Protein chains: 2
Amino acid sequence: MSTASGADTATATSTASSEGVTSVRRMRADAVKNRRRILDAAEAVFADEGLSAPIDVVAERAGVGVGTLYRHFPTKEALFEAIVTTRLQELVDSADAASTADDPGEALFSFLRTFGSQASAKHDVIDALAVAGVDVKSRCASTFEDLQAAIRRLLDRATASGAVRDDVTTAEVIGLVVGACHAAEQPSLGVTPDRMIEVVCDGLRRRV
Amino acid sequence: MSTASGADTATATSTASSEGVTSVRRMRADAVKNRRRILDAAEAVFADEGLSAPIDVVAERAGVGVGTLYRHFPTKEALFEAIVTTRLQELVDSADAASTADDPGEALFSFLRTFGSQASAKHDVIDALAVAGVDVKSRCASTFEDLQAAIRRLLDRATASGAVRDDVTTAEVIGLVVGACHAAEQPSLGVTPDRMIEVVCDGLRRRV
DNA sequence: CACTATACGGAACTGGCGTTCCGTTTGTCA
DNA sequence: TGACAAACGGAACGCCAGTTCCGTATAGTG
């Protein structure tokens with residue numbers, strides 16, 4: 001829900017002076033308000049139109065001119081970063097939450113199901129992870145690595161417990177789930193992610 | 001390999017006269033040659049750059065001006081149609097070939113593996129099937145339906161034999177495999193389709 | 001209240017790409 | 001070989017989306 005993540009609140013701009021002293025200046029009230037509006041608009045627009053939605057749409061939805069938008073985010077990618085990082089963080093949180101479950105296998109699977117429903121609700125994550133041309137890697141790198149690490153933890157535990165096969169990598173698990181979600185976004189196929197994810201989970205289970 | 005599919009040879013243009021008689025006129029020799037060159041170039045370019053490759057690139061590779069390209073294919077989509085239909089047909093053929101195998105389960109799985117390797121070699125199929133915005137549906141509709149039907153046949157047989165679970169649709173199988181291939185095209189993930197497809201196959205197997 | 005740094009808006013610019021247009025070239029046929 | 005329809009090439013056009021620019025508005029301060 002919340003898009004702010006502490007340091008992201010951005011009510012201030014920091015400037016390094018020549019002596020190395022850091023002076024902080026409050027943002028003007030309207031600027032703060034507009035920044036919020038832009039983030040909210042972007043979150044909504046990207047969620048249901050995907051990352052390819054034109055910037056103008058975001059600006060209009062925020063009730064702001066494009067110029068203003070660019071004052072806050074120098075690039076469309078910078079805006080992606082803000083939004084996608086949030087989403088990825090939500091997924092990291094889900095993964096961490098799932099990791100406390102008793103059954104390590106179910107912990108992984110329930111996370112993957114969560115991932116699926118999150119992703120099908122918010123087009124942007126999948127776009128960020130699955131569409132070539134949007135390079136998450138460069139901008140949201142660290143959060144993406146966090147996510148990968150969190151999934152690896154789930155996977156390792158599940159593998160160690162014997163619930164899940166041990167010949168699959170974290171990246172492959174991500175690929176399978178993201179792939180399924182991406183396919184589900186294609187209206188012509190007429191499928192939803194859930195059953196496909198169930199198949200993936202079964203495929204991950206260790207054969208008895 | 002071969003891109004020609006009988007009626008596609010297109011060395012002639014048919015015209016309906018006022019009396020309803022159909023007169024056929026030979027294409028000029030250079031036109032025939034150029035059409036071939038364009039198709040070959042498009043096949044190569046789309047295969048390794050995907051369907052988003054600019055038309056100019058195709059034209060240049062074919063050693064032809066854009067005007068000439070447009071004389072042969074009135075639209076970029078028309079060119080897609082020519083290429084993608086061929087690829088889809090290849091897949092239909094693979095599916096039909098697989099369907100003669102003794103073990104119905106393995107018939108399906110070996111086709112899915114073939115699909116995976118075809119797809120990872122030729123970016124365009126996956127683009128056509130997985131990237132929103134390219135509507136295969138409208139142009140290659142019938143061939144796509146043929147493919148879907150062929151896969152359904154494999155799936156039904158596999159299900160009937162008890163080798164494969166019976167709660168999965170053809171579209172879901174396609175979604176899973178296409179999704180995995182699509183994910184594999186993302187260089188940042190660093191995965192190949194094969195193991196992911198193996199997981200999908202295991203997921204499709206009926207639990208014993 | 002006046003003054004200025006800060007922020008705003010949106011028209012204009014840019015680059016990429018699909019498509020069109022038209023003057024030139026060339027294969028074909030008598 | 002001459003004539004002409006057919007085909008060619010590539011410059012030019014239009015659209016779309018990201019980005020920049022700059023004249024105008026306003027929050028914050030003394």
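Picking from A:Gly50, A:Gly116, which residue would you name as being surrounded by 15 or more Cβ atoms within 10 Å (Cβ to Cβ), within 14 Å of another protein chain (Cβ to nearest Cβ) and away from DNA strand D (no atom under 16 Å from the Cβ)?
Answer to the check: A:Gly116.
Can you tell which of B:Arg165, B:Arg139, B:Arg152, B:Arg157 is among the basic types (Lys, Arg), buried (at least 19 other Cβ atoms within 10 Å of the Cβ) and in the same structural domain as B:Val200 (by TED's automatic domain parsing)?
Working: B:Arg165 fails: buried (at least 19 other Cβ atoms within 10 Å of the Cβ); B:Arg152 fails: buried (at least 19 other Cβ atoms within 10 Å of the Cβ); B:Arg157 fails: buried (at least 19 other Cβ atoms within 10 Å of the Cβ).
When all the criteria are applied, what remains is B:Arg139.
Tell me, which residue of region B:57-73 that is of a type outside the set (A, V, I, L, M, F, W, C) and more than 6 Å from DNA strand C (Cβ to nearest atom) is surrounded by the most Cβ atoms within 10 Å (Cβ to Cβ)? Walk me through it before giving the result.
Going through region B:57-73, the residues of a type outside the set (A, V, I, L, M, F, W, C) turn out to be B:60-61, B:63, B:65, B:67-68, B:70-72.
So of that shortlist, the ones also more than 6 Å from DNA strand C (Cβ to nearest atom) come out as B:60-61, B:63, B:65, B:68, B:71-72.
Numbers: B:Glu60: 15, B:Arg61: 16, B:Gly63: 11, B:Gly65: 13, B:Thr68: 18, B:Arg71: 14, B:His72: 20.
Among those that are of a type outside the set (A, V, I, L, M, F, W, C) and more than 6 Å from DNA strand C (Cβ to nearest atom), it is B:His72.
I'd like to know if region A:183-192 contains one or more residues that are in the same structural domain as A:Ile83 (by TED's automatic domain parsing), open to solvent by less than 10 Å² (accessible area, probe 1.4 Å) and under 27 Å from B:Gly50 (Cα atoms).
So in region A:183-192, the residues in the same structural domain as A:Ile83 (by TED's automatic domain parsing) come out as A:183-192.
So of that shortlist, the ones also open to solvent by less than 10 Å² (accessible area, probe 1.4 Å) come out as A:183.
Next, only the ones that are under 27 Å from B:Gly50 (Cα atoms) stay: A:183.
Within region A:183-192, one or more residues are in the same structural domain as A:Ile83 (by TED's automatic domain parsing), open to solvent by less than 10 Å² (accessible area, probe 1.4 Å) and under 27 Å from B:Gly50 (Cα atoms).
Those residues that are in a strand (DSSP E or B) and at pLDDT 90 or above, I need them from region B:11-46; list them, please. Walk me through how you get there before you give the answer.
First, the residues of region B:11-46 that are in a strand (DSSP E or B): B:12-16, B:22-26.
If the condition is that a residue be in a strand (DSSP E or B) and at pLDDT 90 or above, then no residue fits.
Please determine, by comparing only the residues of region A:157-203 that are among the polar types (S, T, N, Q) and part of a helix (DSSP H, G or I), which one is nearest to the other protein chains (Cβ to nearest Cβ). Reasoning before the result, please.
First, the residues of region A:157-203 that are among the polar types (S, T, N, Q): A:159, A:161, A:169-170, A:186, A:188, A:192.
From what's left, part of a helix (DSSP H, G or I): A:159, A:170.
Values: A:Thr159: 13, A:Thr170: 10 Å.
Within region A:157-203, the match that is nearest to the other protein chains (Cβ to nearest Cβ) is A:Thr170.
Quick check: anything in region A:96-110 under 11 Å from the mean Cα position of the chain (by Cα) and part of a helix (DSSP H, G or I)?
Our first condition is that a residue be under 11 Å from the mean Cα position of the chain (by Cα); within region A:96-110, this holds for none.
Within region A:96-110, none of the residues are under 11 Å from the mean Cα position of the chain (by Cα) and part of a helix (DSSP H, G or I).
Look at B:Ala53 and say whether it is free of Cβ contacts under 8 Å to residues at least 24 places away in the same chain and under 24 Å from A:Ser188 (Cα atoms). Break it down stepwise before answering.
Working: free of Cβ contacts under 8 Å to residues at least 24 places away in the same chain: yes; under 24 Å from A:Ser188 (Cα atoms): yes.
Yes: the conditions hold for B:Ala53.
The values are calculated or read from the model by the stated rules, or taken from the named source; none is laboratory data. Nothing here was measured: the structure is a model prediction, and the numbers come from that model. A quick note on method: Cβ atoms are made from the backbone with ideal geometry, for glycine too, and the neighbour counts reach across all protein chains shown. Quick note on the areas: whole protein, heavy atoms, side chains included, nothing else; ligands and nucleic acids left out. Shrake-Rupley method; radii C 1.70, N 1.55, O 1.52, S 1.80 Å.
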